[in-house]
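Provided herewith is a single structure, encoded as structure tokens, for subsequent inquiry.
The values are calculated or read from the model by the stated rules, or taken from the named source; none is laboratory data. Fair warning: this is a prediction, and the values are worked out from it, not measured in the lab. Quick reminder, even Gly has a Cβ in these numbers, built from the backbone with ideal geometry, and neighbours come from all protein chains shown. Heads up: the accessible areas ignore ligands, DNA and RNA and are worked out on the full protein's heavy atoms, side chains in. Shrake-Rupley method; radii C 1.70, N 1.55, O 1.52, S 1.80 Å.
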Amino acid sequence: MEVARMLGLAVRSVQLMVDRGDLTAWKTPGGHRRISRSSVEAWTAQRSGAVAQGQHRVERLRAEGAGQTISPAPRARAGRPARAAHTPRLLVIEDSVHFQNLVSLLVGQEFPGVELHMAHDGIVGLAMCGQLLPDVLIVDILLPGIDGATLITSLRSQPQFAQSKLIVVTSLDEAQRAPYAFALAGVPVVHKPDLVKQLPLLLREALAEHLRPQATNEASS
């Protein structure tokens, strides 16, 4: 599909965007789907604005961090705002309220010290990534605005996110994930029916370097 090539998305993602109303489309008398160029241009402008906003926030955080010279701060990873090692940031980009609530419940029970943030679509999620620089990022594949695979590809191209750990959650089975394989290599993928069983273990592995100092302090207190 021409629009999918223009936007750098999978055809399935474009179809979902049409179904959600993100793009305007109609069918010709012959049954072929046509997508409005103006809606594509509007979506592209919105996406570009979100990326620019996220990058602006990253640069602002860097500038603010560079100006803080009054007293020593906790050591942080390069490019990240300094904060206590036992307070990692977790960003969940998921449009389903049910799964947002389920992840919140699991994180609250298993990782009460984690700073949890939610984004309901890909564009908001990308902007929040720039603002928060999360230590761990949980991303759904089928998202409004920007699909998860495109979002992951965008983040990988930006060095400030090199240390962020990625976990993908999806309702798609292995065959349905094939169009997104370009972004999923080396990333743990959780099938949503198995989320309660699999996600806590993957989060524990992703958060290990942040949880160890906390466990040591608790043991010595």
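Out of curiosity, is Gln198 part of a helix (DSSP H, G or I), open to solvent by 50 Å² or more (accessible area, probe 1.4 Å), polar (S, T, N, Q) and at pLDDT 90 or above?
yes
Right, something else. Mind listing whichever residues of region 124-150 are closer than 18 Å to Arg89 by Cα and hydrophobic (A, V, I, L, M, F, W, C)?
Scanning region 124-150 gives Val124, Leu126, Ala127, Met128, Cys129, Leu132, Leu133, Val136, Leu137, Ile138, Val139.
Now a separate question. Step by step: first the residues of region 112-125, then only those that are open to solvent by 10 Å² or more (accessible area, probe 1.4 Å) and either touching a Lys or Arg at 6+ places or on another chain (Cβ under 9 Å) or part of a helix (DSSP H, G or I) (or both), then the one that is nearest to Gly21 (Cα to Cα). Which residue is that?
Filtering region 112-125 for residues that are open to solvent by 10 Å² or more (accessible area, probe 1.4 Å) and either touching a Lys or Arg at 6+ places or on another chain (Cβ under 9 Å) or part of a helix (DSSP H, G or I) (or both), the one nearest to Gly21 (Cα to Cα) comes out as Ile123.
With the condition kept exactly as written, say whether any residue in region 126-137 is at pLDDT below 90, over 9 Å from the mean Cα position of the chain (by Cα) and surrounded by fewer than 19 Cβ atoms within 10 Å (Cβ to Cβ).
yes
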